[in-house]
Amino acid sequence: MPAAQPAPLAAVPTAAEAESPRTIVDIRRLNLIYQTADQPVTALSDVSLSIAKGDFISLIGPSGCGKTTLMRVIADLEQPSSGDVLVNGMTPEQARLKRAYGYVFQAPALYPWRNVERNVTLPLEIMGMPAAERRTRAGEQLERVGLAGFERKFPWQLSGGMQQRVSIARALAFDPDLLLMDEPFGALDEITRDHLNVNLTRLWLRTRKTCVFVTHSIAEAVFLSTRIVVMSPRPGRILDVIDCARDLPRERTLGIRESPEFQRIAHRVREGLMEGHSYDD
Amino acid sequence: MNQETTMARQMLRPMAPWPLVMLVAPVLPVATGGGGALAWTQSPVALAGLLLTLAAILLRRAAPSALAEAGLLLAGVAAAYAVPLLLLGRGLVPGAGLWVYLAGATLLLGRVLRLLADADGAARLAGPALFGLALVLLWEILTRGLGVPAILLPPPGAILAAFATHAAELWDDFGQTVLTSVVRGYLMGCGAGFAVAILADRVPFLARGLLPLGNLASAIPVVGIAPIMVMWFGFDWQSKAAVIVVMTFFPMMINTLAGLRGAERIQLDLMRSYGAGYWRTLLLLRLPCALPFLFNGLKINSTLALIGAIVAEFFGTPVVGMGFRISTEVARMNLDVVWATIAVAALTGSALYGALALAERRVTAWHPSFRKR
């Protein structure tokens, strides 16, 4: 009898993966130009970025600077006009079809006709996982985001923060190596946001996933990231890449926000953002 | 909520004095018979009824609960509705006194209904049922008491009698029109509308071409299309089904198309991020999103299909069918059979619509218009 095939979602370790740090996302000289009714708009201009395995990268910049667009290009939800993008050594489309990433959107995007559990099992259902295993996985992930016992609830019966946690559980359910998060906490109040930030940083430490995180908030970016990518307004380009891993510990609590290192990095991010603005005007 | 109900009950306690107009009744003649006007004292049945009603009004303060009061007053109302029916049964014509009595009792019924509306459970449902029953009884008493010609409006008793004498015919008509023509035409029309909408959603130029055609088709009156369909498809159910298909196809298609566009961009992106293909996205996201629209189309079409079949039968049919029955019995002045057929059609239409509405409630309980925490 041949050994049972490993589940298609389980990460199969390869020789290349053993080496670290491995590049998960490699972006080279990326340009993206939209054709609008009156004139072409350059959303991204000459963006190059390399994201290593286990990185927590924040993309920060003013509204309309193309940070969401950049992430959508990585996710193959948007097509670049020129330049190369490699995700796990594949084109974004191949990576998408292989379910290489989990995407957490600005809104929870839960399906109201499915209860919490069936929302979390949705990607697993699409991948053809047996029902029993789907339910076990959903249970594990809901527990991980602190929502055990809410399986039978419907999305509209939960608060906004809980809904967004369900959507994070859904993105984690099929265990992707790469987590793309587009302002997931943007619509939440500050206390909930702090709470979820602490949860997220713990989750990241435990699972060692690579995260790309889009945000407007400087504090959020500094608190969560190993590296912060500061972007300028249209045309979106990278102004500065700030390394936080050197000065801040990997394991962080909210108290770290009072430390001088944190303040210094936050200041540098703010400087970068201001520079971008003056450049635009 | 309970507190509010009790408050409403307390506020209802004082009764409007209008039902007491029936105190005027005794001075007016109760009926006219063979020998002229009849006084209340000459008709023990009428007098007993009136006294019973008045006793109910007097005793209502002694009732221990609102529900008991409603029951007591209802007995008074029932007596008032029974008296004219009994007198009519003896061949007497109701007089002014009896009409006043009936009017007072009907006002009293208003209070009964209000008391029941504040009650919970089964008693709450009794209100609408009683209202409907009272309406039918008033129709019976008024048409017979005022001598309305049966050609204009037969009393419900006569219609009910027609149900009994023509049961076999009515059942055959129902089988031909509803079970054969409507069911088949409805399934074909809705099915085709749905299928073409799915196709048109994939092939946009099809949608652009079909939508104006749909507007055109829905502007054609049934009486225009029905004779043509009878010529094309013959007298039997096929021509009726064809009319129904023409009537139901486009409402279903337009609703399905609108429903398929209902999925949000972010929900579609999610499906794409999972590498889900067209059919999976359709099945797991777009069709569930479209459900409220689909039910809209199905509900609209349930009544359209019935109308279409009945009207189409006016233009040729084997000697059976509800439309055929209406057209021939009108010609023979058998209005009671016509009304019986109308009643069957109305009940069928309501039952179809109600069943669909219930199914919708069950399947789309998640939709904001139904959801409860």
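The values are calculated or read from the model by the stated rules, or taken from the named source; none is laboratory data. Predicted, not measured: the structure shown is a model, and the values here were computed from it. Quick reminder, even Gly has a Cβ in these numbers, built from the backbone with ideal geometry, and neighbours come from all protein chains shown.
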Next item on the list: Taking A:Ser217 as the residue in question, decide whether it is within 20 Å of A:Asp182 (Cα to Cα) and more than 19 Å from the chain's Cα centre (by Cα).
Entry: no
Notebook entry, point to check: Quick one: which of B:Gly262, B:Gly275 is within 14 Å of chain A (Cβ to nearest Cβ) and at positive phi?
Noted result: B:Gly275
Item checked: Close pairs from the range B:347-373: first within 10 Å of chain A (Cβ to nearest Cβ), partner outside any helix (DSSP H, G or I) and modelled with pLDDT of 90 or more, Cβ under 6 Å, at least 6 apart -> B:Trp366/A:Pro112; B:Trp366/A:Trp113
Note to self: Among the residues of the range B:137-146, are any assigned by TED's automatic domain parsing to the domain that holds B:Ala68 and of a type in the set (Val, Ile, Thr)?
What the structure shows: yes
Next item on the list: Would you point out the residue of the range A:59-88, among those that are exposed (fewer than 14 other Cβ atoms within 10 Å of the Cβ) and not small (Gly, Ala, Ser), that is nearest to the other protein chains (Cβ to nearest Cβ)?
Entry: A:Gln79
Margin query: Which pairs turn up if I take residues in the range A:22-37 that are over 14 Å from A:Gln79 (Cα atoms) and look for partners that are outside any strand (DSSP E or B) with beta carbon separation below 7 Å, at least 6 apart in sequence or on another chain?
Written below: A:Arg22/A:Ala16; A:Arg22/A:Lys53; A:Ile24/A:Lys53; A:Ile24/A:Asn88; A:Ile24/A:Asp177; A:Val25/A:Ile74
Next item on the list: Filter the range A:146-161 down to the residues that are of a type in the set (A, V, I, L, M) and crowded, with 18+ Cβ neighbours inside 10 Å, then identify the one that is modelled with the highest pLDDT.
Entry: A:Leu158
Check: Pick from B:Leu291, B:Leu284, B:Leu257: which is part of a helix (DSSP H, G or I) and more than 14 Å from chain A (Cβ to nearest Cβ)?
Finding: B:Leu257
Check: Residues B:Ala340, B:Ala355, B:Ala351: which one is assigned to a helix (DSSP H, G or I) and buried (at least 19 other Cβ atoms within 10 Å of the Cβ)?
Finding: B:Ala340
Checklist line | Sole exception among (1) under 24 Å from B:Ala343 (Cβ atoms); (2) part of a helix (DSSP H, G or I); (3) aliphatic (A, V, I, L, M) for B:Ile151, by number | finding: (2)
Checklist line | Of the criteria (1) part of a loop (DSSP other than H, G, I, E, B); (2) farther than 22 Å from A:Arg72 by Cβ; (3) of a type in the set (A, V, I, L, M), which one A:Ala187 fails | finding: (2)
Note to self: Name the single residue that is surrounded by the fewest Cβ atoms within 10 Å (Cβ to Cβ) among those in the range A:89-116 being of a type in the set (S, T, N, Q) and without any contact (Cβ under 8 Å) to a residue 60 or more places away in the chain.
What the structure shows: A:Thr91
Next item on the list: Identify the residue in the range A:128-144 that is buried (at least 18 other Cβ atoms within 10 Å of the Cβ) and among the hydrophobic types (A, V, I, L, M, F, W, C) and, among all such residues, is nearest to the other protein chains (Cβ to nearest Cβ).
Entry: A:Met129
Check: If you check A:Ala52, A:Ala43, which single one turns out to be within 18 Å of the chain's Cα centre (by Cα) and in the same structural domain as A:Ala245 (by TED's automatic domain parsing)?
Finding: A:Ala52
Margin query: Going by what's in this entry, would B:Leu356 be described as more than 30 Å from B:Leu160 (Cα to Cα), aliphatic (A, V, I, L, M) and modelled with pLDDT of 90 or more?
Written below: no
Notebook entry, point to check: Any idea which of A:Thr91, A:Thr192 is hydroxyl-bearing (Ser, Thr, Tyr) and more than 14 Å from chain B (Cβ to nearest Cβ)?
Noted result: A:Thr192
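Within the range B:315-337, which residues are more than 25 Å from B:Trp237 (Cβ to Cβ) and not in a helix (DSSP H, G or I)? Walk me through it before giving the result.
From the range B:315-337, those more than 25 Å from B:Trp237 (Cβ to Cβ) are B:333, B:335-336; that's our starting set.
Selection gives B:Met333 alone.
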Notebook entry, point to check: How many residues are over 17 Å from A:Met71 (Cα atoms), part of a loop (DSSP other than H, G, I, E, B) and within 20 Å of the chain's Cα centre (by Cα) when one looks only at the range A:227-252?
Noted result: 5
Check: Here are A:Glu143, A:Glu190, A:Glu133: which of them is at pLDDT below 90, charged (D, E, K, R) and not assigned by TED's automatic domain parsing to the domain that holds A:Leu224?
Finding: A:Glu143
Check: Restricting the search to the range A:94-106, which residues are facing chain B (nearest Cβ under 8 Å) and out of contact with any helix residue (DSSP H, G or I) (no Cβ under 6 Å at 6 or more places or on another chain)?
Finding: A:Arg96, A:Leu97, A:Lys98, A:Arg99, A:Tyr101, A:Gln106
Next item on the list: Starting from residues that are among the aliphatic types (A, V, I, L, M) and touching a residue at least 40 places away in the same chain (Cβ under 8 Å), keep the ones in the range A:145-171 and report whichever is nearest to the other protein chains (Cβ to nearest Cβ).
Entry: A:Ala171
Margin query: From the list A:Pro233, A:Pro249, exactly one residue is in the same structural domain as A:Gly66 (by TED's automatic domain parsing) and farther than 24 Å from A:Arg22 by Cα. Which is it?
Written below: A:Pro233
